[in-house]
Amino acid sequence: MVRLSSLCLVFAVVLSGCPEEKKDDGPAKTDPKKEEPVAKTDEPATDEPAAVADEGASHPECVGPLTDKPEETFEVGGKKFVRKGAVLTIEGEDADDEFVLGQLTDVKDFTPENRANVKVAIDWMVKGEKVDAIVITGDLGEKPESIEGVVNMVAETGVPVMAIAGNRECRAHFTTALKAAQAKHKNVINMNVVRVVNTDDVSIVSLPGYYNKSYIHCAEGCEYTPADVAALSAIAKKTTAPARVLVSHGPPKMKGPTGLDRIHEDVNVGDPELTKLLEKGEFPFGLFGNIQEAGGYATDLSGENRIKQDVYADSLYLNPGPIDAVRWAMLDGTESLGMAGVLKVKGKQAAYKIYRLRPGEAKVEN
């Protein structure tokens, strides 16, 4: 995520709008307007495959196509997982109609401090909220070892772990890290390429990456296009559960100061194409991140109406806030030391809950 800088003021007479995000790494900032857009100096992994021939198409390592291959069947925790290309089905039914999905977002880097934060968050999710799965909605790290470290730690819970790239990862780094994690943990799902996970209660659909390439950290990062957004309608037809949840790094374009895409500079910076898609009603629930200071709440699609925690709604969109341990000033006047969330889907409704880490709660291992 990239902060608006003073460049916005310089070029305001030339451009119809300013760069939309704010930089999300580094120490907490007292003046958010002094940061600059990301310079794309990161190098991709040496085994990065050649880009697709069509420059207008998304790279398949970033936004995977809707394919039927490869096919595989395996077991995790006594449950049968059947994959047919971009669609993964977790077979079997449980006694209730509820699915609890944990969410972590914006880890940034697998530092000792963030490792301690992740431990607290997953303990709350697994022991306290009894999650059925955990999704990590982007910005796991800028190096393969950081991305792999995050995924491995979450995968040790034993529940299915679904991860997508955000605007920070090089796509080859992400692929390399997920393959390494999958070699150790069968419960790891690369949702850059597996676009649908079907369970008996909920279907989870992914839109990996970020829509604005100007704010992607890596030169070979993960950008999705308007065509990828439009394709979600076709992907939705592969879902089988009563409820659908969309997971993506960046939120849709919303309105006003309570939107999940609102930044410190009093601008809403979400993806307008994603808003148009969600207005069709095919995805009544969504999990997002990226705009750190707007986290800690769920709203309706407009962003103008916040939904209270533990209140079931026919539709809601959640930004839980960053799990990153770097202190961050939130729009509600609080300060984040690390945050996480859960989405509870029951029938065709859902509710959410936020966990805010307290000072001194996360114990850093030496």
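The values are calculated or read from the model by the stated rules, or taken from the named source; none is laboratory data. What you see is a predicted model; the values in this text were computed from it and never measured. Note that each Cβ is placed from the backbone with ideal geometry, even for glycine, and that neighbours are counted across all protein chains shown.
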Criterion violated by residue 9 - all others in (1) at pLDDT 95 or above; (2) over 19 Å from the mean Cα position of the chain (by Cα) satisfied: (1)
Number of the condition not met by residue 58 [criteria: (1) within 22 Å of residue 287 (Cα to Cα); (2) modelled with pLDDT of 95 or more]: (2)
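Of the residues in the stretch 253-272, how many are more than 16 Å from residue 300 (Cα to Cα) and surrounded by fewer than 18 Cβ atoms within 10 Å (Cβ to Cβ)? Lay out the reasoning, then the answer.
Here is the first cut: in the stretch 253-272, the ones more than 16 Å from residue 300 (Cα to Cα) are 263-267, 269.
Now restrict to residues that are surrounded by fewer than 18 Cβ atoms within 10 Å (Cβ to Cβ): 265-267.
Number satisfying all stated conditions: 3.
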Any hit, the stretch 111-131, residues being closer than 26 Å to residue 253 by Cα, outside any helix (DSSP H, G or I) and touching a helix residue (DSSP H, G or I) at 6+ places or on another chain (Cβ under 8 Å): no
Subset of the stretch 324-337 that is among the small types (Gly, Ala, Ser) and not in a loop (DSSP other than H, G, I, E, B) - its residue that is surrounded by the fewest Cβ atoms within 10 Å (Cβ to Cβ): 329
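Considering the stretch 338-366 alone, what residues qualify as being on the phi > 0 side of the Ramachandran plot and either buried (at least 20 other Cβ atoms within 10 Å of the Cβ) or among the hydrophobic types (A, V, I, L, M, F, W, C) (or both)?
So in the stretch 338-366, the residues on the phi > 0 side of the Ramachandran plot come out as 338, 347, 360.
The one that is on the phi > 0 side of the Ramachandran plot and either buried (at least 20 other Cβ atoms within 10 Å of the Cβ) or among the hydrophobic types (A, V, I, L, M, F, W, C) (or both): 338.
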Meets criteria (farther than 30 Å from residue 241 by Cα, of a type outside the set (Asp, Glu) and modelled with pLDDT of 95 or more) for residue 267: yes
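Within the stretch 89-100, is there a residue that is of a type outside the set (Ser, Thr, Tyr), in a helix (DSSP H, G or I) and buried (at least 21 other Cβ atoms within 10 Å of the Cβ)?
Here is the first cut: in the stretch 89-100, the ones of a type outside the set (Ser, Thr, Tyr) are 90-100.
Filter once more, so that each one left must be in a helix (DSSP H, G or I): none.
No: zero hits.
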In the stretch 218-252, residue surrounded by the fewest Cβ atoms within 10 Å (Cβ to Cβ) [restricted to those that are under 24 Å from residue 141 (Cα atoms) and out of contact with any Leu (no Cβ under 9 Å at 6 or more places or on another chain)]: 219
Neighbours by Cβ (under 6 Å, 6+ apart or cross-chain): first from the stretch 91-105, farther than 19 Å from residue 351 by Cα; second in a strand (DSSP E or B): 91/80; 92/79
Flag if residue 300 is among the charged types (D, E, K, R) and touching a helix residue (DSSP H, G or I) at 6+ places or on another chain (Cβ under 9 Å): no
For residue 201: the one exception among (1) farther than 19 Å from residue 88 by Cβ; (2) acidic (Asp, Glu); (3) in contact with an Asp or Glu (Cβ under 6 Å, 6 or more places away or on another chain): (1)
In the stretch 176-198, the residues that are among the basic types (Lys, Arg), in contact (Cβ under 8 Å) with a residue 12 or more places away in the chain and either in a helix (DSSP H, G or I) or farther than 10 Å from residue 88 by Cβ (or both): 184, 186
Residue among 210, 215 that is surrounded by 21 or more Cβ atoms within 10 Å (Cβ to Cβ), of a type in the set (Phe, Trp, Tyr), under 14 Å from residue 61 (Cα atoms) and touching a residue at least 24 places away in the same chain (Cβ under 8 Å): 210
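One line per residue, one yes/no per condition, for (1) modelled with pLDDT of 95 or more; (2) in a strand (DSSP E or B); (3) under 15 Å from residue 104 (Cα atoms):
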position	(1), (2), (3)
244	yes, yes, no
255	yes, no, no
259	yes, no, no
290	yes, no, yes
301	yes, no, no
309	yes, no, no
322	yes, no, yes
341	yes, yes, yes
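Select from the stretch 294-337 the residues that are among the aromatic types (Phe, Trp, Tyr), out of contact with any Lys or Arg (no Cβ under 8 Å at 6 or more places or on another chain) and under 12 Å from residue 352 (Cα atoms) and list them in ascending order. Break it down stepwise before answering.
First, the residues of the stretch 294-337 that are among the aromatic types (Phe, Trp, Tyr): 297, 312, 317, 328.
In the following step, the residues that additionally are out of contact with any Lys or Arg (no Cβ under 8 Å at 6 or more places or on another chain) were identified as 317, 328.
317, the sole residue that qualifies.
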Search result, residues across the stretch 136-175 that are among the β-branched types (Val, Ile, Thr) and either part of a loop (DSSP other than H, G, I, E, B) or without any contact (Cβ under 8 Å) to a residue 12 or more places away in the chain (or both): 157, 159
Qualifying positions in the stretch 308-326 - under 20 Å from the mean Cα position of the chain (by Cα) and farther than 19 Å from residue 135 by Cβ: 325, 326
Long-range neighbours under 9 Å by Cβ, at least six apart or interchain, first residue on the phi > 0 side of the Ramachandran plot and polar (S, T, N, Q) within the stretch 278-306, second assigned to a strand (DSSP E or B) and buried (at least 22 other Cβ atoms within 10 Å of the Cβ): 290/137; 290/210; 290/248; 290/319
